[in-house]
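Heads up, the thing below is written out as structure tokens.
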Amino acid sequence: MSVRLIALVLPLGLDTLAVALALGMVGFPPQRRLRLSLLFAGFEAAMPLIGIALGAPLGHAIGGVADYFAVALIVALGVYMLIEHGEDDKH
């Protein structure tokens, strides 16, 4: 197993652990805990598989323009944040 894969998977696992600990501290009944555990396990297994299945075709489809799309998305997000921050200052 490569170090990069571990560096990617470990924070995701710790994130799920933190949410599970918070839910555990709430004190759900045993039946609800089982349902939540199965839901977490299902999503933790399904999301990477969906990402891998969609990633390759999407990469081939937008590979040539992906850099430009990423730059446009970051600029749009920055403009949005500046506009939102400016409106917060007026109130």
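The values are calculated or read from the model by the stated rules, or taken from the named source; none is laboratory data. These figures come from a predicted structure and were not determined experimentally. Each accessible area value is taken on the protein alone, full model and side chains, heavy atoms only, with ligands, DNA and RNA left out. Shrake-Rupley method; radii C 1.70, N 1.55, O 1.52, S 1.80 Å.
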Probe 1.4 Å - accessible area at Phe69, Å² to nearest ten: 130 Å²
Accessible area in square angstrom per residue, the chain, 1.4 angstrom probe: 88 Å²
Two-decimal log10 I(q)/I(0) for the stretch 1-53, as the Debye equation yields it once each C-alpha is a single scatterer, q = 0.19, 0.26 Å⁻¹: -0.75, -1.05
Structure-derived Kirkwood radius over Cα pairs in Å: which label, when the choices are (i) 14.6; (ii) 15.3; (iii) 17.3: (iii)
